[in-house]
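Report on one structure; see the data block that follows.
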Amino acid sequence: MMLNRVRILVATLWAGSLWTIGFVVAPTLFGTLGDRVLAGNIAGSMFRAEAWLSMACALILLALLQWGAGELPLKRRRLLGALVLSMLVCTLVSYFGITPLMAELKAQAPSGIMDGELRSRFGMLHGVSTLVFGVQSVLAGVLIWKQS
């Protein structure tokens with residue numbers, strides 16, 4: 001019973017942190033700060049911290065599902081495990097795949113001003129990253145919904 005509550009708490013922390021940073025903090029930064037490069041750098045730092053939090057939450061949830069969810073029916077444990085793994089894949093793809101490519105493009109424009117081709121490539125990668133984040137956010141909602 002106690003481990004179930006811990007599992008729900010960790011899932012809620014994960015989902016809440018995703019939603020807060022992605023749908024409240026990042027848009028607020030870009031809407032408030034006049035310097036888009038600064039806003040992007042701050043948002044990037046927050047998304048890096050979020051990626052590490054996501055990886056930690058995923059590992060904790062997988063451990064709890066493996067060893068501490070005995071009273072959950074096997075079908076529900078498998079569903080929750082699949083949701084957690086899918087969310088983890090989103091994090092890994094974004095953090096280790098897309099983010100380094102975006103950083104490389106930003107490094108090619110140290111002043112923060114990108115020419116048309118760099119801007120287009122950055123925009124495409126940002127769009128893919130946003131799509132992955134959106135999928136992860138929906139999966140987080142399903143994860144919370146399916147907990148009990």
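Tabulated results
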{"quantity": "Filtered residues of segment 1-29 (kept if at pLDDT below 95 and of a type outside the set (A, V, I, L, M))", "calculated": "4, 5, 7"}
{"quantity": "Residue within segment 23-39 that is more than 24 Å from residue 125 (Cβ to Cβ), among the aliphatic types (A, V, I, L, M) and in contact (Cβ under 8 Å) with a residue 24 or more places away in the chain present", "calculated": "no"}
{"quantity": "Members of segment 68-114 found to be closer than 30 Å to residue 35 by Cβ, hydrophobic (A, V, I, L, M, F, W, C) and more than 22 Å from the chain's Cα centre (by Cα), listed by number", "calculated": "107, 109, 113, 114"}
{"quantity": "Which listed residue is farther than 21 Å from residue 146 by Cβ and crowded, with 17+ Cβ neighbours inside 10 Å, from 49, 39, 11", "calculated": "39"}
{"quantity": "Count of segment 30-51 residues which are farther than 19 Å from residue 95 by Cβ and of a type outside the set (Gly, Ala, Ser)", "calculated": "7"}
{"quantity": "Count - residues of segment 14-36 that are assigned to a helix (DSSP H, G or I) and either buried (at least 16 other Cβ atoms within 10 Å of the Cβ) or touching a helix residue (DSSP H, G or I) at 6+ places or on another chain (Cβ under 7 Å) (or both)", "calculated": "12"}
{"quantity": "Test: residue in segment 131-148 that is among the hydroxyl-bearing types (Ser, Thr, Tyr), exposed (fewer than 14 other Cβ atoms within 10 Å of the Cβ), out of contact with any strand residue (DSSP E or B) (no Cβ under 6 Å at 6 or more places or on another chain) and over 28 Å from residue 38 (Cα atoms)", "calculated": "yes"}
{"quantity": "Count - residues of segment 68-82 that are assigned to a helix (DSSP H, G or I) and surrounded by 12 or more Cβ atoms within 10 Å (Cβ to Cβ)", "calculated": "7"}
{"quantity": "Segment 104-127, residues that are surrounded by fewer than 16 Cβ atoms within 10 Å (Cβ to Cβ), in contact (Cβ under 8 Å) with a residue 24 or more places away in the chain and part of a helix (DSSP H, G or I)", "calculated": "126"}
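The values are calculated or read from the model by the stated rules, or taken from the named source; none is laboratory data. Keep in mind that what you see is a predicted model, and the values were worked out from it rather than measured. Here Cβ is always computed from backbone atoms with ideal geometry, including for glycine, and neighbour counts include all displayed protein chains.
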